[in-house]
Amino acid sequence: MRGVHKDLADKKRQKELMTFLQKRYRGFITVDKIFDVISGRDTKTLLPTEVILALVEREIDRIGRKAIFIDGFPRNLDQISYSLYFRALMGYRDDPDFFVFIDVPEAVIDERMKYRVICPGCHTPRNTKLLRTKDIGYDAKKDGFYLVCDNHTCSGCGRRRLVAKEGDELGIEAIRERIELDRKVMRTLLDLQGVPKVFLRNSVPVKQMKKFIDDYEITPSYRYERKGDKINVVEEPWTVKDNDGVPSYSLLPAAVVVALLKQTAKVLGL
Ligand SMILES: [Zn+2]
């Protein structure tokens, strides 16, 4: 979608997109309407799945013959049938495809949202508890700590204070509807036959940790203490309760990627 927004900013590319849609898109809203929705002139109409598929097809044509991951698809129950026939729809009838499921405890999503901050200058996302910057500051007025941007290419004065986004303090509850819908979609797909599946998990029960993972694969958590003028960073293993209430560690992204690669090789028979 980001690419499509760029297309709209450029007259020539806009025309090319228009031609593509007129030729390849089939659906129930007009091409003019699609432009209104993408450009934000129309905020009430949701972009129909037929449009999204046409745009994905165009993107796949552009990147040529490469393996692709489509993140967050199917997004709702109506898109499930489309996802089953996706490769045929895209004209890649014999290419191998598979679904990837990732199981993330709600507590992990909740804390990632509650403590996330962003640099107003360069928009680098960090997390005061889980993904800190090098330098930490202390605000005496608020009696609280904050992260200092350490991105060398950051615009403005650099070393800016990272700030939280309004609404993030609600954590996962802010996206509860989305979470429940995802759960329904995933449950349905789990029963699906005929398409290989890759299962990833973000967490490992503390009790079974030794058997499955190494210390360096665990996401640490940070808290900060003042010692005179200095700020001490305390790093600890981060434990959360998984959705069944079992105390667990959350894996760092690299550990999950390794699992993804191993399982992908297996389902593809490599
Ligand atoms: Zn910055």
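The values are calculated or read from the model by the stated rules, or taken from the named source; none is laboratory data. If you're wondering where the values come from, they're calculated on a predicted model, not measured in any experiment. Quick reminder, even Gly has a Cβ in these numbers, built from the backbone with ideal geometry, and neighbours come from all protein chains shown. These accessible areas exclude ligands, DNA and RNA; they are computed on the full protein's heavy atoms, side chains included. Shrake-Rupley method; radii C 1.70, N 1.55, O 1.52, S 1.80 Å.
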Query - Additional length obtainable on full extension of the chain from Ala140 to Leu200, 0.36 nm per residue less Cα span - result: 17.3 nm
Requested in this report: Please give the helix 253-267 orientation as an angle from the longest Cα principal axis of the chain, in degrees from 0 to 90, rounded to the nearest 10.
Outcome: 40 degrees
Report summary line: Applied in sequence order to segment 91-96, the curve 6.51 cos²θ - 1.76 cosθ + 1.60 (Karplus, θ = phi - 60°) yields integer Hz couplings, x standing for Gly and Pro, of x, 10, 5, 10, 6, x
Query raised in the report: How large is ³J(HN,Hα) for each residue in segment 66-74, as worked out from phi by the Karplus curve 6.51 cos²θ - 1.76 cosθ + 1.60 (θ = phi - 60°), to whole Hz, x for Gly and Pro?
Result: 9, 6, 10, 10, 9, 7, x, 9, x
Requested in this report: Just name one of Gly171, Thr219, Ile29: the one whose Cα is farthest towards the positive end of the charge dipole of the chain (beta-carbon charges, Lys/Arg +1, Asp/Glu -1).
Outcome: Ile29
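About the Cα centre of the chain, how large is the charge dipole given +1 on each Lys and Arg Cβ and -1 on each Asp and Glu Cβ? Please answer in debye to the nearest 20.
On the way: 49 positive and 40 negative charges, 135 e Å.
About 640 debye.
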Report task. First compute the accessible area of segment 55-161 with a 1.4 Å probe, then give the percent of it belonging to carbon and sulfur atoms. Result -> 50 percent
Report summary line: Under a Gaussian network model of the chain whose springs join Cα atoms within less than 10 Å, the largest fluctuation of Glu235, Glu106, Glu16 belongs to Glu16
Query - Long-range amide H partners of Ile218 with built H, under 5 Å - result: Leu252
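Accessible area per residue for segment 1-73 in Å², computed with a 1.4 Å probe and the full protein assembly in place, what is it? Walk me through the intermediate numbers first.
On the way: 5330 Å² over 73 residues.
I get 73 Å² per residue for segment 1-73.
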Report summary line: In a Gaussian network model of the chain with springs linking alpha carbons closer than 10 Å, the residue among Thr43, Thr219, Thr188 that fluctuates most is Thr43
Query raised in the report: Restricting attention to the alpha-carbon atoms of segment 165-270, what are Rg (one decimal) and Dmax (integer), both in Å?
Result: 18.2, 63
Query raised in the report: What is the Cα convex hull volume of segment 23-175 when expressed per residue in Å³?
Result: 203 Å³
Query - Per principal axis, descending, Cα span of the chain in whole Å - result: 69, 48, 33
Report summary line: Karplus ³J(HN,Hα) for segment 177-194 (6.51 cos²θ - 1.76 cosθ + 1.60, θ = phi - 60°; Hz, whole; x = Gly/Pro) runs 4, 4, 4, 5, 5, 4, 4, 4, 4, 5, 4, 5, 5, 4, 7, 5, 9, x
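With every protein chain present, what is the per residue accessible area of segment 117-270 (1.4 Å probe, Å²)? Walk me through the numbers on the way to the answer.
On the way: 10270 Å² over 154 residues.
On a per-residue basis, 67 Å².
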Query raised in the report: Over 25 Å between Cα atoms, which of Lys66/Lys211; Lys129/Lys165; Lys66/Lys114; Lys207/Lys266; Lys134/Lys227 qualify?
Result: Lys66/Lys211; Lys66/Lys114; Lys207/Lys266
Report task. Have a look at Ile38, Ile179, Ile109 and tell me which one the Gaussian network model of the chain (Cα, springs below 10 Å) gives the largest fluctuation. Result -> Ile38
Report summary line: Expected field for Ile52, accessible surface area in Å² at 1.4 Å probe radius, rounded to 10, holds 60 Å²
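With an 8 Å cut-off on Cα pairs and a minimum separation of 6 or more residues, tell me the relative contact order of the chain in percent. Walk me through the numbers on the way to the answer.
Working: 319 pairs, mean separation 43.5, N = 270.
Worked out over the chain, it gives 16 percent.
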